[in-house]
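Participant: The structure is given below, and queries will be raised subsequently.
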Amino acid sequence: MKLVLLGPPGAGKGTLSGNLVKELGFLHLSAGDMLRSEMKKGSEIGKKAKSFVESGTLVPDDLIIDMMINVLDGEDNKVGIILDGFPRTVAQAEALDKKMKPDLAVNISTPYDIIIKRLSGRLLCKNCGAIYNTMSYDKDTCEKCGGELYQRDDDKPETVANRLKVYEEQSKPLIDYYKNQGILNELDGSKDSKVLVGEFKKIMEMYK
Ligand code: AMP
């Protein structure tokens, strides 16, 4: 199963992916996590991506397409692969179709007031990438690995506004792109994350 997760930043793509990895054994490939890791290493890709990621704009298509196609070359998983945050433009979706046609696209729609509240309290583990929120978690270390928690620079309010605008203009058209392919399904991202896993499993059954 090759799954594409769509939705604005903060919709819950990362959290759903984490649960699907844990419960079903999916492989999670997050374009944003990979870019942050390249930036941390100071690699060529990281250096090229830095100013785009920090300002909440999309890195150029050719850069992200090359990076993701390279990653997909080396990856396989019996249960399935989750592509989280890729594609984010129609040009990326077309490039992906040529490499590995997705079986299923799931759009997580979440009202923007919930997204803004979520992102302003979102914390990530520096070590394992686990996602927390100050609304429901009051420690400053990760309960899974003890790693230090931090707020992403691009989760600060001024950058979030830009990321939502970029989503509307460049990524939202993907909903129609996958609808036209007949593989689009919807999840309501304002629901509890455990409920979403259950709903996802039902969708997955239809595509087996
Ligand atoms: P995310 O962790 O998915 O919120 O992504 C963080 C940032 O990485 C985005 O705001 C973009 O700057 C960059 N990014 C992630 N995925 C893509 C993509 N598919 N195309 C272009 N830029 C991306």
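Participant: Tell me which strands (runs of 3 or more DSSP E) are completely within the range 98-208 and hold 1 or more residues being out of contact with any Lys or Arg (no Cβ under 8 Å at 6 or more places or on another chain) and at pLDDT 95 or above, or say none if there are none.
Facilitator: Working: elements: 104-109, 122-125, 131-133, 184-188.
Filter on the range 98-208 gives 104-109, 122-125, 184-188.
Participant: Then there is this: Can you tell me which residue among R118, R163 is of a type in the set (K, R), buried (at least 20 other Cβ atoms within 10 Å of the Cβ) and out of contact with any helix residue (DSSP H, G or I) (no Cβ under 8 Å at 6 or more places or on another chain)?
Facilitator: So the residue among R118, R163 that is of a type in the set (K, R), buried (at least 20 other Cβ atoms within 10 Å of the Cβ) and out of contact with any helix residue (DSSP H, G or I) (no Cβ under 8 Å at 6 or more places or on another chain) is R118.
Participant: Within the range 61-79, count every residue that is without any contact (Cβ under 8 Å) to a residue 12 or more places away in the chain and in contact with a Lys or Arg (Cβ under 9 Å, 6 or more places away or on another chain).
Facilitator: Qualifying residue count, the range 61-79: 1.
Participant: Just for the range 62-91: of the residues that are closer than 21 Å to L24 by Cβ and of a type in the set (D, E, K, R), which one is modelled with the lowest pLDDT?
Facilitator: At the first step, the residues of the range 62-91 found to be closer than 21 Å to L24 by Cβ are 71-72, 75-86.
Subsequent filtering for residues that are of a type in the set (D, E, K, R) retains 75-76, 78, 84.
Details: E75: 79, D76: 76, K78: 80, D84: 97.
Checking each candidate, the answer is D76.
Residue-wise test of (1) surrounded by fewer than 19 Cβ atoms within 10 Å (Cβ to Cβ); (2) within 21 Å of K179 (Cβ to Cβ); (3) among the charged types (D, E, K, R).
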{"residue": "K47", "(1), (2), (3)": "yes, no, yes"}
{"residue": "G56", "(1), (2), (3)": "no, no, no"}
{"residue": "I64", "(1), (2), (3)": "no, no, no"}
{"residue": "I69", "(1), (2), (3)": "yes, no, no"}
{"residue": "K78", "(1), (2), (3)": "yes, no, yes"}
{"residue": "G85", "(1), (2), (3)": "no, yes, no"}
{"residue": "A93", "(1), (2), (3)": "no, yes, no"}
{"residue": "I108", "(1), (2), (3)": "no, yes, no"}
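Participant: Now, a different point. For the range 98-119, state whether one or more residues are without any contact (Cβ under 8 Å) to a residue 60 or more places away in the chain, within 15 Å of the ligand (Cβ to nearest atom) and not polar (S, T, N, Q). Give the steps one after another, and end with the answer.
Facilitator: So the first thing to find is which residues in the range 98-119 are without any contact (Cβ under 8 Å) to a residue 60 or more places away in the chain, and the list is 98-99, 113, 117.
From what is left, the residues that are within 15 Å of the ligand (Cβ to nearest atom) are 99.
If we keep only those that are not polar (S, T, N, Q) as well, we get 99.
So far as the range 98-119 goes, yes, one or more of its residues are without any contact (Cβ under 8 Å) to a residue 60 or more places away in the chain, within 15 Å of the ligand (Cβ to nearest atom) and not polar (S, T, N, Q).
Participant: Here is a follow-up. With the checklist (1) touching a helix residue (DSSP H, G or I) at 6+ places or on another chain (Cβ under 7 Å); (2) of a type in the set (D, E); (3) surrounded by fewer than 16 Cβ atoms within 10 Å (Cβ to Cβ) in hand, flag the one item D155 doesn't pass.
Facilitator: (3)
Participant: Of everything in the range 26-35 that's under 16 Å from I131 (Cα atoms) and more than 7 Å from the ligand (Cβ to nearest atom), which residue is surrounded by the most Cβ atoms within 10 Å (Cβ to Cβ)?
Facilitator: The selected residue is H28.
Conditions (1) more than 10 Å from the ligand (Cβ to nearest atom); (2) in a helix (DSSP H, G or I), marked per residue:
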site	(1), (2)
V21	yes, yes
E54	no, yes
I69	yes, yes
K78	yes, no
F86	no, no
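Participant: Right, another one. Just the residues that are in contact with a strand residue (DSSP E or B) (Cβ under 7 Å, 6 or more places away or on another chain) and more than 14 Å from P8 (Cα to Cα), please, taken from the range 106-129.
Facilitator: Initial filter on the range 106-129 (in contact with a strand residue (DSSP E or B) (Cβ under 7 Å, 6 or more places away or on another chain)): 106-109, 118, 121-126.
Scanning the range 106-129 gives G121, R122, L123, L124, C125, K126.
The values are calculated or read from the model by the stated rules, or taken from the named source; none is laboratory data. Note that the structure is predicted; figures quoted are calculated from it, not measured. Neighbour counts are summed over all protein chains in view; Cβ atoms, including those assigned to glycine, are modelled from backbone coordinates with ideal geometry.
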